[in-house]
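K.L.:
The structure that follows is given in the form of structure tokens.
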Amino acid sequence: MTFINPQIQIEDLPNVEDAVLKPISKSYLKIIALNGLVVYSLILGTLFGVRHLIKEDGFQDNFWYVFFGVLGLCIINFIISILAFKKRKYAVRGHDVIYAKGLIVHSITTVPISRIQHVEESRSWLARQFGLSTLKIFTAGESGSDLSIKGLHHLEAKGINDFISSEVNGND
Amino acid sequence: METTDFSQPIRQSAKGIIVIFAFNLVTFVKKFFVLFIAFGVSILRSKSIGNVTPTMMVLAVIGVLLIILIIAILKYLNFKFYLSKDDFHLATGIINKDNTIIPKSKIQNVYIKQNFLQQIINVVSVKIETAGDKKSEIEISALDKPTALLLKKKLFRKASSVSEELEQSESIEEPEVFFKVTPKRLLLEGLSQNHFKSFLLIFTFGFGLYSEFKDFLQELELEKHVEGLVELDEATILNLIITNVIILIGVVLISFLFSVVKTFIINFNLEVVEHQKTIEINKGLFNKVSLSLTPSRIQNLVITTNRVKQYFGLHTIAVKQAMVNVKQQKNFNIVALEKEQLDYLVNKLLSNYNDEQGDVAKPRPYFMRISALEMFLFGVVINGLSLAIFGIEMLWINAVFMPLAALYVYFAYKKAYYRISEDFVTIGSGVIDTTTNILEIHKIQSVKLKQTIFQRPRAIASLVISTASKSVTIPYISKSEAISIYNLLLYKVESQDRDWM
């Protein structure tokens, strides 16, 4: 048996930064917007409900301050989630899957395919209307190392799913 | 000793009925505890509700006990297990029949446990754990000890795919007790623990009691004050100081005692037995446990010590395995190890681990800024609370707090380091404790680079490395460094083709 032990040049290793990350489908922005609007209207709705329940003067006088405060927070949150949309990117390399997300806290997670336990493609009702699906990648143990790539085109998700499945099964 | 044949479906020891009965009774009482209290009180008050008399209540209780007993017997009768060549089979269920099959190769762990009741009736329970979720845990609650040991051995035999030859050599070689804790070392271990937690616990408990009985105490004090007016003022102030000091010393003593007693109960008779390939831990006073560690199943090692402990030569090693539930996780701690014993164990569990391999690197000084910020926020909260509760004169608390905060930041940075060697990642952290986290590179499940919007202009990032049992973070290093570690770790994981368990 020939044993080789070449020295590794750190600079020559495949670099995550060189990987071309693909943005997720634009339609997912609509889902984010819709979900956001539903949540915000629920919050503001409850606020109005509370207004009718509590008759105290202190609360009634300051209601509009509270309302605009909450509204402002909602708007900021909405803007951030829209801006953060651009940061949601993914890539599949020969040996691993990369997923990047987050505006305020930006993170790039890589899961080697040899560590994947199983893959799941799930489609909510809303996502089906836009032809999207979510790809969930499960590793062993810690839930922190699981990946969930949202807003992929259905066919694309299926393709990745098949690719990973065959790789995972091939390794056994 | 008669050898048990595991190839035929067998039941557990008949004493299992008692264990199941006791277990069901406890869960039943726990569930309906509030109801019991409510009923009991109202019956004691009015002697009867509706037409229910105390005698009927007693009858009802006996009825419930009987039902639980019958369920226990049925459960016992329907609980059968056997071993085939590669699998462990278990049939359970009275009405819904469950058939569980676990391949031996997927078994993570086999524990032998003995709680207080089981110690009395001299049986042990065997727990079989797989890497799956919590539901896949299996517990056989009553077996006599030789049978349990035999079962464990048989379960592990195929599991680790030991060849026939090795098996023989294992049977020849007597396992030796590698480490046995002495009561003195346990006492030291208990005393030198981080007392902040127990102190806080007891302090809040005492504070809670105090605020409950505040009114009562105030009345008492009023009376005292009336008497005190006659006495000299200085004496009362002195008295007040003395009582406060006594209370403080009392709380400190109680928290010490609490830690010591806890350490003793959990680690009573701690024993580490060395086998050919595995390490066995035995310990516990009320709950005796016995567990084996297989090196290939270990995901992370965490070594903890602190200044005082270092002086006495006390080290704790915590072994993290995949998906062991949190309660069980605590049992994988070995306390009060000498430095040499620690090194030996680490070497046994992680082959080729070397302290000197690889370069030690530290996080960026940005680390200090973040911990200072944390401390500042903590200080704001403390100041706010003390202002709200005790008034403006409590601001002197800052005189104590500031130096402590500065020390916190200093030590947190001083103790933080990381080291990437050929096969291992070592990360040091801690403030009061000194914690060393070791993981094998080929057991990494995922790598994550994290950067907040504030860190981007400074080109600083954190690296989160996850294994199947735990995520560890290399905090606040320069982005280029983080990227190159990221690439290196991924390269090693992906090119080696080694299994993570």
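K.L.:
Considering chain A as a Gaussian network with a 10 Å cut-off on Cα pairs, which listed residue, A:LEU34, A:LEU21, A:LEU147, attains the greatest mean-square fluctuation?
P.N.:
Of the options given, A:LEU34 has the highest mean-square fluctuation.
K.L.:
Charges on Cβ only, +1 for Lys and Arg, -1 for Asp and Glu, centred on the Cα centroid of the protein assembly as shown; of A:VAL105, B:PHE196, B:GLY63, which one is farthest towards the dipole's positive end?
P.N.:
Most positive-ward Cα: B:GLY63.
K.L.:
Further question on the same structure: Along the positive direction of the dipole of the protein assembly as shown (beta-carbon charges: Lys, Arg +1; Asp, Glu -1; about the Cα centre), which of A:SER41, B:GLN357, A:GLN7 reaches farthest?
P.N.:
Of the candidates, A:SER41 comes out farthest on the positive side.
K.L.:
Here's something else I'd like to know. Let's see if you can work this out: charge +1 on each Lys and Arg Cβ, -1 on each Asp and Glu Cβ, no other charges. What is the dipole magnitude of the range A:69-172 about its Cα centre, in debye to the nearest 20?
P.N.:
That gives a dipole near 520 debye.
K.L.:
Say the cut-off is 22 Å between C-alpha atoms; which of B:LYS75/B:LYS283; A:LYS86/B:LYS443; B:LYS362/B:LYS448; B:LYS339/B:LYS470 go over it?
P.N.:
Pairs exceeding the cut-off: B:LYS75/B:LYS283; A:LYS86/B:LYS443; B:LYS339/B:LYS470.
K.L.:
Follow-up. Springs between alpha-carbon pairs under 10 angstrom, Gaussian network model over chain A: which of A:LYS26, A:LYS158, A:LYS55 fluctuates most?
P.N.:
Its mean-square fluctuation being the largest, the pick is A:LYS55.
K.L.:
From the square roots a ≥ b ≥ c of the eigenvalues of the alpha-carbon gyration tensor of chain B, which class results: rounded (a/c under 1.5), prolate (a/b over b/c), or oblate?
P.N.:
oblate
K.L.:
Next question. For the protein assembly as shown, with the dipole built from +1 on Lys and Arg beta-carbon atoms and -1 on Asp and Glu ones, taken about the Cα centre, which of A:LEU132, B:VAL272, B:ILE392 lies farthest toward the positive end?
P.N.:
Comparing the listed Cα positions along the dipole, A:LEU132 ranks first.
K.L.:
Right, another one. Quick check on packing: order B:243-253, B:344-354 by the mean number of other C-beta atoms within 10 Å, highest mean leading.
P.N.:
B:344-354, B:243-253
K.L.:
Once a ≥ b ≥ c are taken as the square roots of the eigenvalues of the Cα gyration tensor of the range B:249-378, is the result rounded (a/c under 1.5), prolate (a/b larger than b/c) or oblate (a/b not larger than b/c)?
P.N.:
Since a/c reaches 1.5 but b/c is at least a/b, the shape of the range B:249-378 is classed as oblate.
K.L.:
Treat the count of other C-beta atoms within 10 Å as a stand-in for reagent exposure and order B:VAL41, B:VAL64 from fewest to most.
P.N.:
The order, fewest Cβ neighbours first, is B:VAL41, B:VAL64.
K.L.:
If you don't mind, another one. For peptide B:487-500, how many partner chain Cβ atoms fall within 10 Å of a residue's Cβ, on average?
P.N.:
Across B:487-500, the average partner-chain Cβ count within 10 Å equals 5.
K.L.:
Separate question: What pairs in A:LYS22/A:LYS136; B:LYS415/B:LYS450; B:LYS30/B:LYS113; A:LYS87/B:LYS197 have C-alpha atoms more than 29 Å from each other?
P.N.:
In this structure, A:LYS87/B:LYS197 lie more than 29 Å apart at Cα.
K.L.:
Then there is this: Among rounded, prolate and oblate, which fits the range A:88-171 when a ≥ b ≥ c are the square roots of the eigenvalues of its C-alpha gyration tensor, a/c under 1.5 means rounded, and a/b larger than b/c means prolate?
P.N.:
oblate
K.L.:
Turning to a different aspect of this structure: Per residue, how much space in cubic angstrom lies within the convex hull of the C-alpha atoms of the range A:27-84?
P.N.:
54
K.L.:
Hydropathy at least 0.5 by Kyte-Doolittle, axial extent at least 18 angstrom from the Cα trace: which helices of chain B, defined as entire DSSP H runs, fit?
P.N.:
Both cut-offs are met by B:16-46, B:54-77, B:196-212, B:233-267, B:366-390, B:397-415.
K.L.:
Let's see if you can work this out: charge +1 on each Lys and Arg Cβ, -1 on each Asp and Glu Cβ, no other charges. What is the dipole magnitude of the range B:361-493 about its Cα centre, in debye to the nearest 20?
P.N.:
With Lys and Arg at +1 and Asp and Glu at -1, about 460 debye.
K.L.:
Further question on the same structure: Considering amide H positions built from the backbone, and no H for Pro or chain starts, which residues 5 or more places from B:PHE178, or on another chain, come under 5 Å of its amide H?
P.N.:
Under 5 Å from the amide H of B:PHE178: B:VAL272, B:VAL273, B:GLU274.
K.L.:
Angle check, please: helix A:27-53 long axis (alpha carbons) against the longest principal axis of chain A (alpha carbons), in degrees 0 to 90, nearest 10.
P.N.:
For helix A:27-53, the angle is close to 30 degrees.
K.L.:
I would also like to ask the following. Evaluate peptide B:465-475: per residue, the Cβ atoms of other protein chains within 10 Å of its Cβ; return the mean as an integer.
P.N.:
Across B:465-475, the average partner-chain Cβ count within 10 Å equals 3.
K.L.:
Relative contact order for the range B:366-413: what percent, with Cα pairs under 8 Å and sequence separation of 6 or more?
P.N.:
It comes to 56 percent, rounded to a whole number.
K.L.:
Still on this structure, I have one more. Let me spell out the model: positive unit charges on the Cβ of Lys and Arg, negative unit charges on the Cβ of Asp and Glu, origin at the Cα centre of the protein assembly as shown. What dipole size does that give, in debye rounded to 20?
P.N.:
1760
Values in this text are rule-based calculations from the coordinates and carry no lab data. These numbers come from a predicted model, not from an experiment. Quick reminder, even Gly has a Cβ in these numbers, built from the backbone with ideal geometry, and neighbours come from all protein chains shown.
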